[in-house]
Amino acid sequence: MLLQYFTPPAGAEQVFAQWQRRRMLWWRKFARTPSNFTISESSRSAERGNPAHVRVSFQFPWGVDGVELLSNRGDVDLLELQTAAARSCEGKVGRKSMLPSLIEAATVLEQGMLAYLVDAYHEKERSDSKAARNVKEVLQLHPRLAPYKVAVALLPGTGTADQLRDVADYLSVELRKTGITMWHSREPGSLDSQCTKLDEMGIPYNIVLNDNTLKTGICHLRSRDTTLKEQVHIAELKNHLLQLMLAY
């Protein structure tokens with residue numbers, strides 16, 4: 001992916017410095033461990049034919065590797081284009097005509113997503129009722145990056161499974177209208193086993209539906225990051241989730 005920004009040559013170095021800060025803040029914004037992203041030193045000026053480069057890198061388990069290359073290319077590319085096309089590429093700044101400088105940001109989508117997946121993956125140690133220690137794998141993707149924002153876990157009693165599935169289908173349709181994608185798994189299991197699987201998938205929130213939901217309309221909303229649950233009425237769930245998503 002390539003992002004190009006044209007700026008008057010007089011302020012190109014200042015704009016280049018601003019873009020370095022912006023791009024660094026962008027990468028760190030969605031990271032679980034922002035310090036894994038670093039930026040290289042750059043030359044403060046770009047001589048013609050010798051662009052200044054800055055690399056945003058990520059600390060992978062196997063070493064540091066680049067995820068984005070920022071360049072202050074000056075007017076070199078436009079001069080070549082102007083010569084090849086035999087047409088002027090100049091723009092106006094006030095009353096003056098001049099060739100703009102080009103600030104360029106280049107990244108590979110797969111490399112960037114790999115960095116976020118590696119950053120999001122971590123293991124939590126926990127103890128069971130027998131005091132045995134085991135490891136739980138969690139994919140703590142930022143909610144903006146998670147393909148599914150919310151999932152539903154069903155805890156049906158005798159003869160209520162079909163009714164709870166209908167409620168889950170209704171929630172899926174309602175949430176989709178607001179742009180919130182929901183994972184609806186129909187696999188049975190305990191709440192702990194279902195939440196463990198959903199945490200491994202990186203889904204930020206889980207809706208827990210049980211027999212009491214059919215009687216009172218109350219469900220539990222569980223956070224992947226804190227594992228805490230809060231009670232929310234189904235009628236208020238859509239707006240509540242929307243506010244949570246807008247907070248990120």
Report yes if some residue within region 135-153 is in contact (Cβ under 8 Å) with a residue 24 or more places away in the chain, open to solvent by 50 Å² or more (accessible area, probe 1.4 Å) and of a type outside the set (D, E, K, R); otherwise report no.
yes
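Identify, from the list 172, 193, the residue that is out of contact with any Leu (no Cβ under 9 Å at 6 or more places or on another chain) and surrounded by 15 or more Cβ atoms within 10 Å (Cβ to Cβ).
Details: 193 fails: surrounded by 15 or more Cβ atoms within 10 Å (Cβ to Cβ).
Criteria check complete, one pass: 172.
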With the structure loaded, tell me whether residue 41 is over 22 Å from residue 143 (Cα atoms), out of contact with any Lys or Arg (no Cβ under 6 Å at 6 or more places or on another chain), part of a loop (DSSP other than H, G, I, E, B) and not aromatic (Phe, Trp, Tyr) or whether it fails that test.
yes
Got a number for residues in region 52-68 being surrounded by 18 or more Cβ atoms within 10 Å (Cβ to Cβ) and of a type outside the set (S, T, N, Q)?
6
Within region 173-186, can one find any residue that is in contact (Cβ under 8 Å) with a residue 24 or more places away in the chain and over 30 Å from the mean Cα position of the chain (by Cα)?
no
Given the conditions (1) out of contact with any helix residue (DSSP H, G or I) (no Cβ under 9 Å at 6 or more places or on another chain); (2) touching a residue at least 40 places away in the same chain (Cβ under 8 Å); (3) open to solvent by less than 60 Å² (accessible area, probe 1.4 Å); (4) closer than 27 Å to residue 225 by Cβ, report the number of the one that residue 109 does not fulfil.
(3)
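The values are calculated or read from the model by the stated rules, or taken from the named source; none is laboratory data. What you are looking at is a predicted structure, and each value in this text was computed from that prediction instead of being measured. Positions of Cβ are generated from backbone atoms using ideal geometry, with glycine treated the same way; all protein chains shown enter the neighbour counts. Calculation scope for accessible area: heavy atoms of the full protein, side chains included, ligands and nucleic acids excluded. Shrake-Rupley method; radii C 1.70, N 1.55, O 1.52, S 1.80 Å.
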